[in-house]
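Take a look at the structure set out below.
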Amino acid sequence: MKAQLSTAPRVFTALPLAIDPAEVLRFQGYKKDVDVPSGEVLAIFEEALALGRRLLTPRVVYRAVAVTGGAADRIDAGGERLHIPQIARLWGSIDAVGAGICTVGEAIEGQVRELFDAREFPLAVMLDSVGSAAAESLAEYANDLLCQQGLRAGTRVTNRISPGYAGWDTAEQVALFRLCPGDAIGVRLNEACFMTPGKSISWLVGIGPEARVDHYFTQCRRCWMRDCAYRRAPAETTVRHPGGGVW
Ligand code: SF4
């Protein structure tokens, strides 16, 4: 996925996924290091994970666009005007933005509905959480890969942000989708700006040699790129990576 500066939308498939059990349980309402799941819950988790593996079809579409203007709370790029609180302070000077959408597909949601219809509620809810954790894992993987490729190319890539979070209005999903259309990977927006399939995440990163990446002290701790020469902090992630565990 050599894409950090690709100006044409590019689609990526056959991507690795790692499901963090702690992340799945967080979606289930468990508090890390406080709530201890029972053996029964862990058995349901393993069953949902095995089911999820067969149903997940990870896909990413991504496009980088030059920044043409901006202000303290605004980025202009690709003919769009994005209003993101404090973005100039958070990201510093950037040359481009990268807009991305990722999804794990809709099969998992169909299976969740079938399980609900069959009144298999614990497995249905756990499978739904596996799908959410997988989508999160995919977005993190894309962000980490862009970060590493950016550093190799002499530029920096910030942490991702998404409409609906940190004060960025959900309605700006529409502008984000104009920057990077989701139809290439089968992701659509409805009138309420929610994505279908539901297990999808849209995001934006800032790109530039002077971009602020001090948050990578946190990012590096859970980054996929274990052998990254630019790592600022040792990996502490609980994610079990391909070859090392979950898949
Ligand atoms: S280890 Fe840190 S610097 Fe390297 S790719 Fe990951 S987040 Fe970026």
Open item on the list: Which numbered condition in (1) closer than 19 Å to Arg81 by Cα; (2) under 14 Å from the mean Cα position of the chain (by Cα); (3) at pLDDT 95 or above is the only one that Val174 fails?
Closed with: (2)
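Would a scan of region 169-192 turn up a residue that is in a strand (DSSP E or B), under 22 Å from Ala133 (Cα atoms), β-branched (Val, Ile, Thr) and open to solvent by 10 Å² or more (accessible area, probe 1.4 Å)?
Restricting attention to region 169-192, the residues satisfying the condition of being in a strand (DSSP E or B) are 188-189.
Then drop every residue that is not under 22 Å from Ala133 (Cα atoms), which leaves 188-189.
With β-branched (Val, Ile, Thr) added as a condition, the list becomes none.
No, there is no match, as no residue in region 169-192 is in a strand (DSSP E or B), under 22 Å from Ala133 (Cα atoms), β-branched (Val, Ile, Thr) and open to solvent by 10 Å² or more (accessible area, probe 1.4 Å).
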Open item on the list: I'm checking my understanding of the structure. Among residues of region 232-247 that are open to solvent by 50 Å² or more (accessible area, probe 1.4 Å), away from the ligand (no atom under 12 Å from the Cβ) and of a type outside the set (Gly, Ala, Ser), which one is modelled with the highest pLDDT?
Closed with: Thr238
Task: Near pairs, Cβ below 6 angstrom, 6+ apart or cross-chain, from region 217-231 (within 6 Å of the ligand (Cβ to nearest atom) and outside any loop (DSSP other than H, G, I, E, B)) to any residue that is modelled with pLDDT of 80 or more and open to solvent by less than 70 Å² (accessible area, probe 1.4 Å) - done: Gln219/Asn159; Cys220/Arg231; Cys220/Ala233
Task: Of all residues making up region 46-73, the number that are surrounded by 15 or more Cβ atoms within 10 Å (Cβ to Cβ), in a strand (DSSP E or B) and of a type in the set (S, T, N, Q) - done: 0
- [ ] Those residues that are farther than 30 Å from Ile84 by Cα, hydroxyl-bearing (Ser, Thr, Tyr) and touching a helix residue (DSSP H, G or I) at 6+ places or on another chain (Cβ under 8 Å), I need them from region 31-69; list them, please.
- [x] Thr57
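Please verify whether Arg156 is touching an Asp or Glu at 6+ places or on another chain (Cβ under 8 Å), crowded, with 22+ Cβ neighbours inside 10 Å and within 21 Å of Asp76 (Cα to Cα), treating the condition exactly as stated. Before the answer, list the steps.
On the way: touching an Asp or Glu at 6+ places or on another chain (Cβ under 8 Å): yes; crowded, with 22+ Cβ neighbours inside 10 Å: yes; within 21 Å of Asp76 (Cα to Cα): yes.
Yes.
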Task: Test: residue in region 134-146 that is more than 16 Å from the ligand (Cβ to nearest atom), part of a helix (DSSP H, G or I) and open to solvent by less than 20 Å² (accessible area, probe 1.4 Å) - done: yes
Open item on the list: What's the number of the only condition in (1) open to solvent by less than 60 Å² (accessible area, probe 1.4 Å); (2) within 11 Å of the ligand (Cβ to nearest atom); (3) farther than 20 Å from Gly69 by Cβ; (4) among the hydroxyl-bearing types (Ser, Thr, Tyr) that Ser162 fails to meet?
Closed with: (2)
Task: region 72-94 residues that are over 14 Å from Leu204 (Cα atoms), paired with ones that are in a helix (DSSP H, G or I) and hydrophobic (A, V, I, L, M, F, W, C) (beta carbon under 8 Å, 6 or more apart) - done: Ala72/Ile87; Ala72/Ala88; Asp73/Ile87; Asp73/Ala88
TODO: Would you point out the residue of region 108-133, among those that are within 17 Å of Leu42 (Cα to Cα) and open to solvent by 50 Å² or more (accessible area, probe 1.4 Å), that is farthest from the chain's Cα centre (by Cα)?
DONE: Glu120
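Return yes or no: is Pro163 part of a loop (DSSP other than H, G, I, E, B), under 23 Å from Ala107 (Cβ atoms) and not hydroxyl-bearing (Ser, Thr, Tyr)? If you could, list the steps in order and put the result at the bottom.
Details: part of a loop (DSSP other than H, G, I, E, B): yes; under 23 Å from Ala107 (Cβ atoms): no; not hydroxyl-bearing (Ser, Thr, Tyr): yes.
When the stated conditions are applied, Pro163 does not pass them.
The values are calculated or read from the model by the stated rules, or taken from the named source; none is laboratory data. Model, not experiment: these values are computed from the prediction. Glycine gets a Cβ as well: all are built from the backbone with ideal geometry, and neighbour counts include every protein chain shown. Protein only, heavy atoms only, side chains kept; ligands, DNA and RNA dropped before computing areas. Shrake-Rupley method; radii C 1.70, N 1.55, O 1.52, S 1.80 Å.
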